[in-house]
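Below: one structure, written as structure tokens.
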Amino acid sequence: MQRLRMSTLPGANVSLSTFLLTGFPGLEWAHHWISLPIFAGYLVALLGNITILHLIRTEPSLHQPMYYFLAILAVTDLGLCMSTLPSVLGVLWFDARRIRLVSCVVQQHFLHSFSFMESAVLFAMALDRLVAIRFPLRYASVLTGSRVAVIGTVLGARSHILTSVPSLKLLKFDYCHSGVLSHAYCIHQDMIRLACSDTRFNRLYGLCGIMLTMGSDVLFILISYTIILCTVLAIASAAERLKALNTCVSHILAMLCFYVPVLGLSIVHRFGHHLSPLVHMLMGTMYVIFPPLMNPIIYSIKTQQIRRAILKMVSLGKIQ
């Protein structure tokens, strides 16, 4: 299945309209077995984030700015899961490797949008911790529910608008290389690698986009935690210092679960051309499953109010 848009030069390649997704190279015979832990990871991530949303919606004690931001993070994690789940399981279960150009562009658009959104929400959560620790008496008046909703809407719009420009450009490219992608889902770096059009704009835009979004998010998170640390060190009581820092542990772990796989995948794509395709696939799988899987677990273990709400739910409200 190819798009009949030929170059006038003799022997030129036909522009592709479908791509081939990649499973685990060399382990195709074991795809059904490999799919078991991957499916389990997706399932736990989906159930965990849906549970977090349900608890925040139904439990009055969780109607606070910190948990509203956690709800936005859970929605983002669900989007990150759902953007890749159909194609990944389709490849592993049914060897459904073909994906049309438009579907591929749409998938990479939502995948990158939710990735940028996750980074932005982690930055917003750092600001939440900064306000809570530095201005505790003004916390509830500064971060009201309506303001948190506005922040979430702005961050979501920013992420989707940012990824729309290169996505539209992808639709106009001619693709005349092998057509084989290096993952079981579509990402921007993979698609421009297969294009035979001029991709300089997309490459530059992608680099600048990452620097101006995730780069600035990380910078402002570091600034926020520097201010938080200075504020905490100024507290006289050691017990109060420990209590203040304890409220940041879940957020710090969530950041590590997101930024470490993102950094690893970026390094592999830009500098790991000599590495086995299996390494690319493993890093790509970790990138889309690990943060959505770990975030509900981290907040369930490290946050007393979430633990209490879960216990109350499973005991049918007997715990007060």
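Of the residues contained in region 175-191, one or more are found to be farther than 22 Å from S119 by Cα, loosely packed, with under 14 Cβ neighbours inside 10 Å and modelled with pLDDT under 90.
Would you mention how many residues in region 177-195 are in contact with a strand residue (DSSP E or B) (Cβ under 7 Å, 6 or more places away or on another chain) and in a loop (DSSP other than H, G, I, E, B)?
Here the count works out to 3.
Figure legend. Inter-residue proximity from region 190-203: first residues closer than 13 Å to S167 by Cβ, second residues polar (S, T, N, Q) and surrounded by 15 or more Cβ atoms within 10 Å (Cβ to Cβ), beta-carbon distance below 7 Å, spacing 6+ or different chains. Indicated pairs: M191/Q108; I192/T199; I192/N202. Does region 201-209 include one or more residues that are surrounded by fewer than 14 Cβ atoms within 10 Å (Cβ to Cβ), more than 19 Å from L70 (Cβ to Cβ) and among the charged types (D, E, K, R)? Among the residues of region 201-209, not one is surrounded by fewer than 14 Cβ atoms within 10 Å (Cβ to Cβ), more than 19 Å from L70 (Cβ to Cβ) and among the charged types (D, E, K, R), which makes the answer no. The set of residues from region 197-238 being of a type in the set (S, T, N, Q) and within 19 Å of A126 (Cβ to Cβ) comprises T213, S216, S224, T226, T231.
Taking region 31-68 as the range and being assigned to a helix (DSSP H, G or I), more than 20 Å from P292 (Cα to Cα) and touching a Lys or Arg at 6+ places or on another chain (Cβ under 9 Å) as the test, the residues that pass are S61, P65.
In region 219-238, what residues are within 24 Å of S159 (Cβ to Cβ) and either in contact (Cβ under 8 Å) with a residue 60 or more places away in the chain or surrounded by 17 or more Cβ atoms within 10 Å (Cβ to Cβ) (or both)? Listed by number, the residues that qualify are F220, I221, S224, Y225. In summary, A124 fulfils each of the numbered conditions (1) closer than 30 Å to A184 by Cα; (2) aliphatic (A, V, I, L, M); (3) crowded, with 19+ Cβ neighbours inside 10 Å with the single exception of condition (1). When T22, T58 are checked against the criterion of being modelled with pLDDT under 95, of a type in the set (V, I, T) and within 21 Å of M286 (Cα to Cα), a single residue qualifies: T22.
The values are calculated or read from the model by the stated rules, or taken from the named source; none is laboratory data. Source: prediction; values computed, not measured. Backbone-built Cβ (ideal geometry, glycine too); neighbour counts: all protein chains shown.
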